[in-house]
Amino acid sequence: MKRICVMDGQGGGIGATLIQYLKAQWGETVELVALGTNAIATARMLRAGANKGASGENAICRTVARADCIVGPVAISWANAMLGELTPRMAEAVMSSAAPKVLLPLSQENVAFVGLSKEPLPHLVETAIAKIKEVIGHV
């Protein structure tokens, strides 16, 4: 069974939306792991339908190493993002993982993305689902 790690922080709203769409697409044929930078984010993703969840630096670092795909906002690859919740060690673990990463161009940081059209979250998630199908195959 493929393991898709959905990572988010702060309120976990982006991760929860991703999990709802992933669950609708694959049901129980994939393992959805909610990885929150804090317990509130993890709890929200679990309520959205994740199979299991964990919070904090060590849990994230260990789990992304065994992922088949990592999904979340682009800030999961940035040290000290999400108001400092995303530690340098977490960012390094995400980017060092051999798993393909599908990152949504959303950030609360002082970063501007050029060359991208501004899309609402549901449209970004639908595009992400198509990319996940491409990188992990049809399960």
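General observations
- Of the residues Met45, Met95, Met7, Met82, the one with the fewest other Cβ atoms within 10 Å heads the list, and the complete ranking is Met95, Met82, Met45, Met7.
- By the beta-carbon count within 10 Å of each Cβ, the least crowded to most crowded order of Lys23, Lys52, fewest first, is Lys52, Lys23.
- Distance between the modelled labels on Lys2 and Lys23, one decimal in nanometres: 1.9 nm (7 Å Cα→Cβ projection).
- Relative contact order (percent, whole number), the chain, Cα cutoff 8 Å, 6+ residue spacing: 25 percent
- Gain upon complete extension [Leu83, Ala98; 0.36 nm per residue less C-alpha separation]: 2.8 nm
- With the highest mean first, a sort of the peptides 34-42, 85-93, 54-62, 129-137 on other beta-carbon atoms found within 10 angstrom per residue produces 34-42, 85-93, 54-62, 129-137.
- Three semi-axes of the equivalent ellipsoid, segment 2-136, Cα gyration tensor, whole Å, largest first: 19, 18, 14
- Prolate/oblate/rounded call for segment 1-71, Cα gyration tensor, a/c under 1.5 rounded: oblate
Only the coordinates and a few stated rules stand behind these numbers; no lab work does. Computed from a predicted model, the values in this text were never measured in an experiment. Ideal geometry is used to build each Cβ from the backbone, glycine not excepted, and the neighbour counts take in all protein chains shown.
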